[in-house]
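> Pasting a structure here, questions to come.
Where a number appears in this text, it was derived from the coordinates with a stated rule and is not lab data. As the structure is a prediction and not an experimental result, all values here were calculated from the model. Here the Cβ positions follow ideal geometry from the backbone for every residue, glycine too, while neighbour counts run over all protein chains shown.
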Amino acid sequence: MSTGEERILTYAEAIREGLRQEMQRDESVVLMGEDIGAYGGAFKVTKGLLEEFGPERVRDTPISEIAIVGAAIGAAIMGLRPVAEIMYMDFLPIATEQLVIQAAKMRFSSGGKLRIPLVVRTQYSLGRAHAAQHSNFFPAWYMNVPGLKVVTPSTPYDAKGLIIGSIRDDNPVLFVECAVLYYGVKGPVPEEPYEIPLGVADVKREGSDVTIVAVSRMVHEALKAAEELEKKGISAEVIDPRTLNPLDRQTIVESVKKTGRAVVAADDCKTGGVTAELAATIVEGAFDYLDAPIVRVASPDMPIPFSPPLENRYMRWAKDIVEAVEGMV
Amino acid sequence: MAKLEIEIEEIGEVSVQEALSLGLTEGDLLRMYRKLVELRLFENRVEQLYLYEARIQGTAHLYTGEEAIAVGVARAIEGFGYIVSHHRGHGHALAMGIPPKEVMAELFGKETGVVKGLGGSMHVAIDPKRGALWASAIVGSGIPIAAGAALALRYRGERGVVVGFFSDGAANTGAFHEGLNLASFWKLPVIFACENNQWGMSMPARKSITCGRVAYRAAAYGMPGVIADGNDVLSVYKATKEAADRALRGEGPTLIEFITYRLKGHGVYDKATYRPKGEVEEWEKKDPLPRFEQKLIEAGITTEDRLKEVREEVAKEIEEAVKFAEESEVLEFDKLWEVVYA
Ligand SMILES: Cc1ncc(C[n+]2csc(CCOP(=O)(O)OP(=O)(O)O)c2C)c(N)n1
Ligand SMILES: [Mg+2]
């Protein structure tokens, strides 16, 4: 990805840099959300941007999720490229009608007359002991919405390239960040702006015995699992779809055709979740190549408990993936 | 105890003479009359097409009785205004200059329709080049979108104003509260145009608007609240022009409650038996069309014969629109994939 002296950034810094560079490049990029200005955002992702770009471009709003997304939509159809921030994914259902029933239908219901270059950024806080109303991750709800794109970056490199790609995209994009990754992962990030187009998966690690398709935080668990498995003589390929809609089905299917086995892993609940779509994709595209049933590593179908040991037990980790693979080889 | 001061500006009926002093010409008044007729005859024809000829499917919410609002607003913001419409939007589309044949073809679901037959009745007022930005079929949801469109104007320093249309029922949604508050917070050039037609389906506004008047709510958001006669096109024009001037001066949003009446049922198939006896008849006396006709004739601007000619011309145009719609084709299904994403 990069050569020579690599500059290492956190995931949060990478997103901030992507936002900053797009704001420098394009005057029509405007941020709006709760406490994103002087406060710097609940997770400090927008820290310093108010100082650099001023209050016309970094707009603090009242606590009004409907109006944040609604106003961003109105600005987008008038030609701005707004980036709205919804502090927690748990608050997004309040504005979901705006995103799903308004923004996602506008291109279509206008017979192609409207363009909606809108990004809604949000994050999920699973793993931070924030309990059942501040930890949710439910990207599958939004994958089910034609007209909307859904992006779930896992690394600093991807986060920067994908936020730039999302801002430049002329469609409404839901950009779901992962809070434990903000300052929990670091990685090489080129200084110059670069765009990762939406809909292209990334092979995070090559392998030949099993394919692990993982999303957001679970990509890191999958990579740890792959190392464990290597010690046991099992070669795992790790694929990060990076965007859930459009979903790069071909990369996933091709990998499974090669390995003959698949584990799919994501932080949302199992029933009706992302892993269901990933598994279905594999069944549709590579059924004849499967040497074992697909295993889904997903969150249990229950609300998220507060108590840290319980939350820890609730979450899925590298060991769950290792176990799943061991059960199929 | 703290006290909330509520000051409402009431704009009653406006005379022709006053209208002329506000900058309208006699030609403008005649064009506005023609538009009122276009909106009325269009809806009359649509009602027939649904009920007696069964040539259109789905549903339609007729604008009958409320025409003065769309026509007065459109004239007041002509050249610099945008609108966000809602489910009762045929009149908004026509008032913004979308040709009747495109609106009719949309109702017929044809590719020559304003949005290619993909929107239908609840999405006819969408034509950005004519200032019609969007029409939400979800009650209230257009309100914050209108605010956001106004934000874009302000941000780019463009001279313009956005009118967000909605009715009394929408004034009870969360989107109304958030949208008005945000618009006031940012002092956006937006006019919240409440078409209080007395009913939200079968819910009377006199019950659902718990503080009595939609316009009172403006005080809660620190913006001017205005009540205008929504059945007098000149009252509508005056109220909208004042609000637009305020917005253009950078003084932020206005909430205008246009008092009007939904002369028909909620949708074409609704017989509206829940309405008290005599109510429709009372409001028919305030029908915006005869009222304006009378004013124009009394002011000596035109004659009954001339107005009759106008009505006949418009009726012919609408018949042509029906023919155009009927003869148009339906979009090929595979073309739909082209408009799911940009
Ligand atoms: C959020 C939402 N709830 C309910 C409906 C169903 N519905 C459509 S129009 C309507 C009544 C709306 O009343 P009002 O806002 O006064 O508008 P009007 O029909 O009088 O123009 C209802 C309940 C809807 N479309 N959206
Ligand atoms: Mg109503």
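> What is the pair-distance distribution P(r) of the stretch A:8-188, computed from all Cα-Cα distances in 5 Å bins starting at 0, with each bin given as a whole percent?
1, 9, 18, 23, 23, 15, 7, 2, 0, 0
> Another question, then. Farthest toward the dipole's positive end in the stretch A:8-188, which of A:Met106, A:Gln24, A:Thr10, given Cβ charges of +1 (Lys, Arg) and -1 (Asp, Glu) about the Cα centre?
Checking the options against the dipole of the stretch A:8-188, the answer is A:Met106.
> Report the local net charge at A:Ala38: Lys and Arg +1, Asp and Glu -1, summed over other residues whose C-beta lies under 15 Å from its C-beta.
It works out to a net charge of -3.
> Take the alpha carbon atoms of the stretch A:104-119, find their center, do the same for the stretch B:195-240, and report the distance between the two centers in whole angstrom.
31 Å
> OK, next. Please give the length that would be gained between B:Glu78 and B:Glu313 if that part of the chain were fully extended, namely 0.36 nm times their separation in residues minus their C-alpha to C-alpha distance (nm, one decimal).
Values: separation 235, 0.36 × 235 = 84.60 nm, distance 2.37 nm.
Contour length minus the Cα-Cα distance gives 82.2 nm.
> Further question on the same structure: Counting every Cα pair in the stretch A:214-280, what percent are over 17 Å apart?
Here the tail beyond 17 Å accounts for 42 percent of pairs.
> Give the residue from B:Cys211, B:Ala105, B:Ser167 lying farthest towards the positive end of the charge dipole for the stretch B:8-328; charges sit on Cβ (+1 for Lys and Arg, -1 for Asp and Glu) and the dipole is referred to the Cα centre.
Toward the positive end, the furthest listed residue is B:Cys211.
> Here is a further query. Measure nothing but the geometry: give the 0 to 90° angle between the long axis through the Cα atoms of A:249-259 and the longest principal axis through the Cα atoms of chain A, rounded to 10°.
20 degrees
> On to the next question. With only Lys, Arg, Asp and Glu charged, each at its Cβ (+1 for the first two, -1 for the last two), find how big the charge dipole of the stretch A:8-188 is about the Cα centre; round to the nearest 20 debye.
400 debye
> Counting other Cβ atoms within 10 Å of each Cβ, which GluC sites (Glu not before Pro) in the stretch A:160-262 have at most 15 and sit in a DSSP loop?
A:Glu191, A:Glu206
> Show me, for the stretch A:42-56, the HN-Hα J-couplings you get by feeding each phi into the Karplus relation (A = 6.51, B = -1.76, C = 1.60, θ = phi - 60°), rounded to Hz, glycine and proline as x.
4, 10, 6, 5, 9, 4, x, 6, 4, 4, 7, 10, x, x, 6
> Shape of the stretch B:196-342 from its Cα gyration tensor (a ≥ b ≥ c, root eigenvalues): rounded if a/c is under 1.5, otherwise prolate when a/b > b/c, or oblate?
rounded
> How many angstrom lie between the C-alpha centres of the stretch B:274-342 and the stretch B:37-90?
7 Å
> Using the crude model of +1 on Lys and Arg Cβ and -1 on Asp and Glu Cβ, and no other charge, please compute the dipole size for chain A relative to its Cα centre, in debye to 20.
I would put it at about 340 debye.
> If Lys and Arg each add +1 and Asp and Glu each add -1, what is the summed charge of the other residues whose beta carbon sits under 11 Å from the beta carbon of B:Glu195? Don't jump to the answer; show the numbers that get you there.
Values: positive: B:Arg88, B:Arg262; negative: B:Glu66, B:Glu67, B:Asp168, B:Glu257.
Taking every other residue near B:Glu195 into account, the sum is -2.
> Which peptide among B:14-20, B:297-303 comes first, and what is the full order, when sorted by highest mean count of other Cβ atoms within 10 Å?
Working: B:14-20: 16.6, B:297-303: 13.1.
Output ranking for B:14-20, B:297-303: B:14-20, B:297-303.
> Enumerate the calculated ³J(HN,Hα) couplings along the stretch A:219-226 in order (Karplus 6.51 cos²θ - 1.76 cosθ + 1.60, θ = phi - 60°), each rounded to whole Hz, writing x wherever the residue is Gly or Pro.
These are the phi-based 3J(HN,Hα) values: 4, 5, 5, 5, 5, 5, 4, 4 Hz.
> Sticking with this structure for a sec: Out of the DSSP beta bridges found with both residues in the stretch A:202-326, what percent are antiparallel (nearest 5)?
The antiparallel proportion sits near 20 percent.
> Compute the Rg/Rh shape ratio of the protein assembly as shown: radius of gyration over Kirkwood radius, all on alpha-carbon atoms.
Rg divided by Rh gives 1.05.
> Any idea what the relative contact order of the stretch A:8-188 is, in percent, if you count C-alpha pairs under 8 Å spaced at least 6 apart?
28 percent
> Of A:Cys178, B:Ala146, A:Ala38, whose Cα points farthest to the positive end of the dipole of the protein assembly as shown (charges on the beta-carbon: +1 Lys, Arg; -1 Asp, Glu; origin at the Cα centre)?
A:Ala38
> Could I have the simple spin-label model distance between B:Gln294 and B:Ala272, label points 7 Å from Cα toward Cβ, reported in nm to one decimal?
2.0 nm
> Still on this structure, I have one more. With a cap of 15 neighbouring Cβ atoms within 10 Å, and only residues DSSP puts in a loop, list the trypsin sites (Lys or Arg not before Pro) found in the stretch B:186-282.
Passing sites in the stretch B:186-282 are B:Arg249, B:Lys271, B:Lys277.
> Return the average number of partner chain Cβ atoms within 10 angstrom of each residue Cβ along peptide A:167-178.
Taking all residues of A:167-178 together, the mean is 1.
> Still on this structure, please answer the following. What is the helix-to-structure angle for A:274-286, meaning the angle in degrees between its Cα long axis and the longest Cα principal axis of chain A, kept from 0 to 90 and rounded to the nearest 10?
Tilt of helix A:274-286: around 60 degrees.
> For the residues A:Ser154, B:Ser208, what sequence is obtained by ranking on other C-beta atoms within 10 Å, fewest first?
B:Ser208, A:Ser154
> Need one number: % antiparallel among DSSP beta bridges in the stretch A:8-188, to the nearest 5.
Just about 15 percent of them are antiparallel.
> Could you work out the local net charge near B:Pro224, counting Lys and Arg as +1, Asp and Glu as -1, over the other residues with Cβ closer than 10 Å to its Cβ?
In short, -3.
> From the phi angles alone, apply the Karplus equation (6.51, -1.76, 1.60; θ = phi - 60°) to the stretch B:52-64 and give each ³J(HN,Hα) in whole Hz, x where the residue is Gly or Pro.
Each residue's phi maps through the Karplus curve to give 9, 10, 6, 9, 10, 10, x, 10, 8, 9, 7, 9, 3 Hz.
> Further, regarding this structure: Once the piece of chain linking A:Asn312 and A:Ala38 is laid out straight, how much longer is it, given 0.36 nm per residue of separation minus the C-alpha distance between them?
95.3 nm
> Further question: Given a Förster radius of 56 Å and the C-beta distance between B:Lys129 and A:Asp288 as r, what FRET efficiency does 1/(1 + (r/R0)^6) yield to the nearest 0.05?
Here the calculated transfer efficiency is 0.60.
> May I pose another question? What value does the stretch A:202-326 have for Rg/Rh, both radii from Cα atoms and Rh as Kirkwood defines it? Present the calculation step by step, with values, prior to reporting the outcome.
Values: Rg = 13.7 Å, Rh = 14.3 Å.
Looking at the stretch A:202-326, the ratio lands at 0.96.
> Which of B:Lys3/B:Lys286; B:Lys101/B:Lys286; A:Lys149/B:Lys238; B:Lys286/B:Lys316; A:Lys105/B:Lys277 have a Cα-Cα distance over 32 Å?
Pairs exceeding 32 Å: B:Lys3/B:Lys286; A:Lys149/B:Lys238; A:Lys105/B:Lys277.
> Let a ≥ b ≥ c be the square roots of the eigenvalues of the Cα gyration tensor of chain A; is it rounded (a/c under 1.5), or, if not, prolate (a/b larger than b/c) or oblate?
Prolate, because a/c is 1.5 or more and a/b exceeds b/c.
> So, R0 is 35 Å and r is the distance between the beta-carbons of B:Glu304 and B:Val330; what FRET efficiency does that work out to, to 0.05?
So, using R0 = 35 Å, E works out to roughly 0.25.
> How large is Rg/Rh for the stretch B:8-328, to two decimals, with Cα atoms and a Kirkwood Rh?
The Rg/Rh ratio comes out at 0.94.
> Taking the alpha-carbon centroid of each part, what is the distance from the stretch B:91-133 to the stretch A:137-154 in angstrom?
31 Å
> Let me ask something else about it. log10 I(q)/I(0), Debye, Cα-only the stretch B:11-76, no solvent, q = 0.13, 0.17, 0.18, 0.22 Å⁻¹?
-0.47, -0.68, -0.73, -0.92
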